[in-house]
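Novice: Quick one: structure below, then a few questions.
The values are calculated or read from the model by the stated rules, or taken from the named source; none is laboratory data. No experiment lies behind these values; they were computed from the predicted model shown. As a convention, Cβ positions derive from the backbone with ideal geometry for all residues, glycine included, and neighbour counts pool all protein chains shown.
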Amino acid sequence: MTARPGLLRLSVLFVAPAAAAHETLRWTFEPPAPPGLEDGRLEVPLAELGGSWRQLFGAEADPRAPELYPRSPEARLVRTGERGTRALRLAARGGKALVASSPLPVPDLPRFELRCAADAAALGGGTAALAVSFLSGDGSAVGVEAPLELRRGAGRESRVEGEVPAGAALAALALRIASGPRDRESALLLEAVELEIKPGLRVQGLRRPDLFDDAEDVTFEVSAHGVARGRWLLRHELRRWSGDRLDGGEAETWAPAGRPARWVVRPRGARPGAGAYRLSLEALDGEGEILFREVRPFAVLPLAPAAPRGLWRRALGRVAALGADLRYAGPLEPAPLPGAGLHAFSRERSARPALVLATGPESSRAAERLGWVTAAELSFIVPPEPGDTEPRLPVLLRR
């Protein structure tokens, strides 16, 4: 069967019997042509590709700054290389440009790898990024992964790996470019792009990012997706952030055909106290081979004795709402003050803290020393004055 030009081509690569297929979604940039004929034009408007890719303009690209996305220059499909294959050329002149793919189905697997080949020689001082968004079956967003930055001089091929959010049924790509401040035009050639969806472990705590308070049990639901029918074993090990081992164990389960293997991990002494921890997981098949590994950092936060529990729950939920790609990154090091109780969170694949949750009595002074401010999303929670009964839970953002 021949795929329609420009649309998804899906290949299934079967690996060892213990694991299900990887699925690779590939996009092409060849416009449709009559059977037996070849389009000899050097450049073709992107609109001729059909619905698989389209350029967004004005308010559709960004309702907050529609003037940055003019209708010129238009994205083009151009011939490149000795083989004459087509690439997507996106350019910006003093503003920005955005093209997006149509959403395409993805299997129920928890890992992805986004790969692309691009020529950024004409990018100049501009910036470009390719991002993947995951959607539910009704088209609502369930997660936007951190963009894959494409830079001049960084090499032709780029790739990034990440976690497919739970509930994802569709994936869509977006390529965005911004003109350099001194460039007449900044342009990028996107030559090839593919998204591989892989088997692996999905780990879910009570909320995302992984936060617990010290009055609730530390519990994780773990599932191995893309596995064969049969016996599966999960090993876990719990350590403090300092490295001290607290607990370890293993549990066996049976995976039905076409369904994930599932476990509930509740370490002995499920309330380890306030602090930062790492949970290490290994999934083994019936032959004893380790197929998947995962390390999940998490934090246990102190519950203020006189704090209304509903307010605390609401605060933790608002932290999770700051982004599906927000990950717990451990205690902020070096700590600006002892007793500040600072916990750092970063975006997917970024080592820099995106925000800090401060729970200690010195949080206000620490915030002032760091030059950070309280997040507007949590403005209803303030550091307490003497005699207050509210929890010490300001959330601090880098200025």
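Novice: Can you tell me which residue is surrounded by the fewest Cβ atoms within 10 Å (Cβ to Cβ) among those in region 123-143 that are β-branched (Val, Ile, Thr) and under 17 Å from ASP108 (Cα atoms)?
Specialist: Going through the qualifying residues, I end up with VAL142.
Per-residue answers, yes or no, for (1) out of contact with any Leu (no Cβ under 6 Å at 6 or more places or on another chain); (2) among the aromatic types (Phe, Trp, Tyr); (3) farther than 13 Å from VAL300 by Cα:
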| site | (1), (2), (3) |
| --- | --- |
| VAL218 | yes, no, no |
| ARG229 | yes, no, yes |
| LEU233 | no, no, yes |
| GLU237 | yes, no, yes |
| SER242 | yes, no, yes |
| ASP247 | no, no, yes |
| ARG259 | yes, no, yes |
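Novice: For region 109-129, give me each residue that is more than 18 Å from the chain's Cα centre (by Cα) and among the acidic types (Asp, Glu).
Specialist: ASP119
Novice: Tell me which residues, restricted to region 153-185, are of a type in the set (D, E, K, R), surrounded by fewer than 21 Cβ atoms within 10 Å (Cβ to Cβ) and touching a strand residue (DSSP E or B) at 6+ places or on another chain (Cβ under 9 Å).
Specialist: Residues satisfying the conditions are ARG156, GLU157, ARG159, GLU161, ASP183, GLU185.
Novice: Can you name every residue in region 305-337 that is over 27 Å from ALA224 (Cα atoms), at pLDDT below 70 and out of contact with any Leu (no Cβ under 9 Å at 6 or more places or on another chain)?
Specialist: Correct list: PRO305, ALA306, PRO308, GLY310, ARG313, ARG314.
Novice: Oh, and also: If you check GLY226, GLY269, which single one turns out to be farther than 22 Å from ALA344 by Cα and over 29 Å from the mean Cα position of the chain (by Cα)?
Specialist: The conditions single out GLY269.
Novice: So which residues in region 252-304 are modelled with pLDDT under 90, under 20 Å from ASP217 (Cβ atoms) and aliphatic (A, V, I, L, M)?
Specialist: ALA270, ALA274, ALA276, ALA299, VAL300, LEU301, LEU303, ALA304
Novice: Just to verify a result, which residue in region 66-99, among those that are hydroxyl-bearing (Ser, Thr, Tyr) and closer than 15 Å to GLU43 by Cβ, is surrounded by the fewest Cβ atoms within 10 Å (Cβ to Cβ)?
Specialist: Among those that are hydroxyl-bearing (Ser, Thr, Tyr) and closer than 15 Å to GLU43 by Cβ, it is SER72.
Novice: Here's a check for you: in region 107-122, which residue that is among the aliphatic types (A, V, I, L, M) and outside any loop (DSSP other than H, G, I, E, B) is surrounded by the most Cβ atoms within 10 Å (Cβ to Cβ)?
Specialist: Result: ALA118.
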